Structure formats: structure tokens, C-alpha cells
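Please read the structure below before turning to the comments.
The values are calculated or read from the model by the stated rules, or taken from the named source; none is laboratory data. Nothing here was measured: the structure is a model prediction, and the numbers come from that model. Positions of Cβ are generated from backbone atoms using ideal geometry, with glycine treated the same way; all protein chains shown enter the neighbour counts. Just the protein is used for accessible areas: all its heavy atoms, side chains included, with ligands, DNA and RNA removed. Shrake-Rupley method; radii C 1.70, N 1.55, O 1.52, S 1.80 Å.
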Amino acid sequence: MSLVPRTVTPPEFRDWFRAKRVGFAHPTGESEEESAVRLAHVDLSRVQGVFDEGRCVATFRSFAQELTVPGGARLPVSAITAVTVSPSHRRRGLLGRMMAEDLAAAKERGEVLATLIAAEYPIYGRFGFGPATSVVEWEADVLRTGLDPHARVPAEGDGGRVDLVDGKEVREAGPGLHDRIAASRHGMIDRPERWWELRTGISVPAHEEWTQPFHAQYRSASGEIEGLATYRVEDRWGDGKQPMCTVVVRDLLAATPAAERALWHFLCSIDWVTRVRTGFRAPDDLFPLLFPDPRAARVVTAADWLWLRVLDTPAALQARTYVCPVTLVLQVDDPDGPADGRFLLAAGPDAVTCTPTVRDPDLTLRAAELARLYLGDESVERLVALGTVQEHRPGAAAEADAAFRTGRRPWCPDVF
């Protein structure tokens, strides 16, 4: 029997979710009530499954998302998640068929890009995706930072204040703060209302465990909320009754450097805390340089994070801004894919155009490489050296680098 992807129906959703958990090697078993709660927040028109003799053996889901690109535009994108194939049905082309169906539908809807967080690196390049952002997690030895443990937080003269708040207060202030930051930080994705409800404990499904975290809020001297940090404390004591507790940061948003400094210093000043783990931050985060001794912070994780797939090359390239004027002919190789073609990119101080052309190309690259370059976190010259981008006109790679690269690196703090 042919194994064909198709849209999942409401009665099949529970089995679909079971198959998803199987694919991620998680324990299965969910009641009808639990399944109904999940189903209420899922658009089934964007949920695919493959069924063999009535049993789901492959899963795929997408949903609408917004992504900030260089210059501050918020683009409609298709976020892909829950991609699995059961161990019993691997190597049969099921993922490729589900991916093709979803990308075609996304293109038809007018979504300019597709996004995902790759569980495994080698899978998605063959579908035109490329890693567009990366993350770093640090662990700081508080006693080595050089911070004065008796100093006031925020620092004298800052004028702001840090307060502990509850989930309800975060739910009220968080969305506005996040949107303010995301408007200027490329790589960030939107956080819908459901995200805030789950992360603040306002609406927690009965079948999920919930441990109330701590929330710290920074207000500027004018009273404006400019920063929020959510964290927990791992309670540990040494044999001699010495406190050796660790702050584990779940989320930290700061609209200003003053807010960022104050929140990190606050987390490092909590009694009994000897270590702080930052969670996933941008590679150029201020964190380690906020200390008199940055060597107190060591990198514990450095990895790719948000992956992109270009669905509409002209729309994507016209949506972002460029550091300097540039005129380039790009040959994008995407056989049978939506990004394929030769395009003239002309970026000036007042406008950006990207149109099909028959002119000789300056650079040739695959869709996956275009995705790597799109948010400004990769070097064209580096990819030329690797052999994944071809430079036909001398100097074209350097021109592209000057235009595409950004002053700060893109950052996506969320998983989906």
C-alpha cells in the first residue's frame, strides 16, 4: 500500500501525537482529555500524517509565525515543527513528501520564508534550509566575576530598580516589551498569547507539571519597564554547609543596555548563588563583558539554532535592509524549488529591488546558502572558500559581505 501524507482529522489527532512522541523517543500515553486540550490550540489544516494500516507512522506540522529581518520588517513565515518518522518506516521518502506538500502550501499562502529548529544537523540542508542564527550558553562563576557582592543593584546613579514580580504581572508587561525588542532585533520570532499563558502559569494544562519560576523586572528611572528575567534556582549545598546554588535563566529580555546590565548583576547578587547559567543567548551577547573579569564565564553550549528556507527570493531580499549600497546578480540554484532563478539585487539608501534578470551572475549559490546569508550572520567569502558559493566577478563576494552583514548578530531566543 502506498504511504501518502495527508491532513490529519480530529479523531486521528491523538494517534498523531502518539506517533510524534515515538519519533522523538519520548514516552507515549495520553488521555482523550489531554489530547482534546492540545487539539484546541492546533490548526489541523496544517497538520500532516502518514498512516499505515490505520496507524500514524510519520508526523509534520506548521503554523503561522512572524520573523524580524534586518531593518526591522516582520515577515510572515511558516514555522515547521513536530517532524518525525517512526523507526519502523524510515528511508521511504516520507519526510520529503511531507516537506514538499507543506512548502508548496506555504508559498501559495504568501509566506516568504519557512523556519525550523533542527534536532539533527544533516537532515534539512537537502530541503533548502540553512542555519541562519546560532546561540551560546555561558556559565559564570559568580565569585570570580569581580563584582562587588555588597554593591547596590542597580548601580548607584542608575535611577532604575529591580523588583520580583509574579506571572500575572509578566503576562501584562511581557508582550509589549518583547514586541518592542523584536521590532529591532533581527532573528526574533513572535510570541503569541498562548506562549505567555503557558510560560507564566496563567493557563497550564492539567496533565503538565508546573513549577513556579522567579521573575525579576527592571524599571527605568522614568518608571518604564525595560527588562524581564525568568529563572529558577538549583538548591545545592556543600559538605561543609557552604551554599553552592545555581541560577538557571529561562528567559531574559532587555530593551536597553542599562536593563541588561542591571538584570545580570541582580542574578549574580542573589544570596547563596555561586553560579549563573544564562540559557541560550546571542553569540555577541553582552553577558561575559559585563563583568570586571569576563573569564569568569565559560561557554557550555555553542550551536546552530534557527534554520531558514527561502520561499520567495525577490520578496525576501526586498524585505530586509543592507548596510551599504550594492548591485549584485545572484544565481540561486533550487531545482524544482520556489527560490530558483537569477535575480538582480539593487539596494540603495532609499529603496531595494530584486527582479529576475538574464545578466551574467556575480555569485552562484544554493537555496541553503542564501538562507545562511539572509539574516547577516554568515560570510559570503567564507562560503566561497568552502566551495559552496561560486564567485564569478572578482570582488563580488566582498561587496555582498559588506552589504549583507549586520552590526549585531541575529538572535532567536525561542524554541518551537
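Working only within the range 148-204, note down all residues that are hydrophobic (A, V, I, L, M, F, W, C), more than 19 Å from the chain's Cα centre (by Cα) and more than 16 Å from His215 (Cα to Cα). Steps first, please.
Step one: filter the range 148-204 for residues hydrophobic (A, V, I, L, M, F, W, C), giving 151, 153, 155, 162, 164-165, 170, 173, 177, 181-183, 188-189, 195-196, 198, 202, 204.
Imposing the further condition that a residue be more than 19 Å from the chain's Cα centre (by Cα) reduces the set to 151, 153, 155, 162, 164-165, 170, 173, 202, 204.
Ala151, Ala155, Val204 - these are the residues of the range 148-204 that are hydrophobic (A, V, I, L, M, F, W, C), more than 19 Å from the chain's Cα centre (by Cα) and more than 16 Å from His215 (Cα to Cα).
With respect to Ala346, determine if the residue is in contact with a strand residue (DSSP E or B) (Cβ under 8 Å, 6 or more places away or on another chain) and in a helix (DSSP H, G or I). Spell out how you get there, then give the answer.
Values: in contact with a strand residue (DSSP E or B) (Cβ under 8 Å, 6 or more places away or on another chain): yes; in a helix (DSSP H, G or I): no.
When the stated conditions are applied, Ala346 does not pass them.
Residues are listed down the side, and each one gets a yes or a no for (1) within 25 Å of Leu3 (Cβ to Cβ); (2) of a type in the set (A, V, I, L, M); (3) surrounded by 18 or more Cβ atoms within 10 Å (Cβ to Cβ); (4) touching a residue at least 40 places away in the same chain (Cβ under 8 Å):
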{"residue": "Leu67", "(1), (2), (3), (4)": "no, yes, yes, yes"}
{"residue": "Ile80", "(1), (2), (3), (4)": "yes, yes, yes, no"}
{"residue": "Thr84", "(1), (2), (3), (4)": "yes, no, yes, yes"}
{"residue": "Arg92", "(1), (2), (3), (4)": "yes, no, no, yes"}
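Would you please name the residue that is least open to solvent (accessible area, probe 1.4 Å), looking only at residues in the range 208-229 that are assigned to a loop (DSSP other than H, G, I, E, B) and farther than 15 Å from Gly176 by Cβ?
Ranking the candidates gives Pro213 first.
Within the range 330-338, can one find any residue that is closer than 25 Å to Gly395 by Cβ, of a type in the set (A, V, I, L, M, F, W, C), modelled with pLDDT of 95 or more and surrounded by 20 or more Cβ atoms within 10 Å (Cβ to Cβ)?
yes
Every residue in the range 9-54 that is among the aliphatic types (A, V, I, L, M) and without any contact (Cβ under 8 Å) to a residue 40 or more places away in the chain, please. Talk me through it step by step, then tell me what you get.
As a first pass, look at the range 9-54 and keep what is among the aliphatic types (A, V, I, L, M): 19, 22, 25, 36-37, 39-40, 42, 44, 47, 50.
Within the range 9-54, Ala25, Ala36, Leu39, Ala40, Val42, Leu44 qualify.
Going by the structure shown, is Leu103 farther than 29 Å from Asp179 by Cα and either β-branched (Val, Ile, Thr) or outside any strand (DSSP E or B) (or both)?
Working: farther than 29 Å from Asp179 by Cα: no; either β-branched (Val, Ile, Thr) or outside any strand (DSSP E or B) (or both): yes.
Judged against the criteria, Leu103 is not a match.
Taking strands (runs of 3 or more DSSP E) that do not extend beyond the range 41-99, which have at least 1 residues that are among the acidic types (Asp, Glu)? First the steps, then the outcome.
Details: elements: 47-52, 55-68, 74-85.
Output list reads 47-52, 55-68.
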